[in-house]
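Notes follow once the structure below has been shown.
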Amino acid sequence: MNVAVFALQGLWPGSIEVFALWPPALPGTLEHPDFRLWQLVSYGFLHGSVLHLGFNMLALWMFGRDVEGALGQRRFLQYYLTCVVTAAVAQLLTMNFMQTPPYPTVGASGGVFGLLLAFGLLFPRRVVMLLIPPIPLPARVFVVVYGLIELVLGVTETQSGVAHFAHLGGLAGGFLLLQYWRARWPFSR
């Protein structure tokens, strides 16, 4: 679906204005396209480049197939879309809090980061091999390290144009949903 939407995105240049995630306009801010409720999901199917799409789809395939096998198709879809939406909410909150100029957010990265978290929780001892540098790490360590790197990059506003807090929102939303399904903290009964 991501690849098909990316192809359609190339055919319709106005798709970014309608389907990308835009922050709600605040009084006295720059004019930009309006926020629409569907953007909480639709932005996750748009991508900024072929490379952006390629990395997200590689991660979706690498981690998503095992997570889908563990959760089942229905729960996998619920989980993935929840991560996409919580990533959007986190991005919107931090854009307003950090008072950055309005810009569109696109990409499946929030959902992918949620899948990384699920992979780390469901298969904690499975080894993930980094490409650069080539270091094997247990999945749970990989997820924690990657999450900490995203937090540092987001707080320091390093690597502009990357939605670091959306990535963290996908992680947080995925964690909360898994904890809810497992009736664990903070949803203990």
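Odds and ends about this structure:
- Around the amide H of Leu46, modelled in the peptide plane, lie the amide H atoms of Gly107, all under 5 Å away and 5 or more residues distant in sequence or on another chain.
- Separation between Cα centres of the range 112-154 and the range 1-76, rounded to whole Å: 22 Å
- In this structure the chain gives 57 Å² per residue of accessible area when probed at 1.4 Å with all protein chains present.
- Rounded, prolate or oblate (a/c below 1.5 giving rounded, otherwise prolate when a/b exceeds b/c) for the range 126-189 by Cα gyration tensor: oblate
- At full extension, Trp38 and Leu137 could sit 31.9 nm farther apart than now, given 0.36 nm per residue minus the alpha carbon distance.
- Working from label points 7 Å from Cα in the Cα-to-Cβ sense, the Ala25 to Leu176 distance is 2.9 nm.
- When the square roots of the Cα gyration tensor eigenvalues are ordered a ≥ b ≥ c, the ratio a/c for the range 1-90 is 1.5 or more and a/b does not exceed b/c, which makes its shape oblate.
- Using alpha carbons only: equivalent-ellipsoid semi-axes of the range 32-177, gyration tensor based, whole Å: 24, 18, 14
- Accessible-area composition of the chain, carbon plus sulfur, in percent [1.4 Å probe]: 69 percent
- Karplus 3J(HN,Hα) series, Hz, for the range 156-164 with 6.51 cos²θ - 1.76 cosθ + 1.60 (x for Gly, Pro): 7, 6, 7, 6, 4, x, 10, 7, 4
- In order along the range 108-117, the phi-based Karplus estimate (6.51 cos²θ - 1.76 cosθ + 1.60, θ = phi - 60°) of 3J(HN,Hα) comes to 8, 4, x, x, 5, 5, x, 5, 4, 4 Hz; Gly and Pro are listed as x.
- Gyration tensor verdict on the range 74-152 (Cα atoms; rounded if a/c is under 1.5, prolate if a/b is larger than b/c, oblate otherwise): oblate
- Helix content alone sets the calculated 222 nm mean residue ellipticity of the chain: runs of n ≥ 4 DSSP H residues at -39500 (n - 2.57) each, divided across all residues, give -19500 deg cm²/dmol.
The values are calculated or read from the model by the stated rules, or taken from the named source; none is laboratory data. Quantities reported herein were computed from a predicted structural model and do not represent experimental measurements. We place every Cβ from the backbone using ideal geometry, glycine too, and count neighbours over all the protein chains shown. Areas reflect the complete protein model, heavy atoms only, side chains present, ligands, DNA and RNA absent. Shrake-Rupley method; radii C 1.70, N 1.55, O 1.52, S 1.80 Å.
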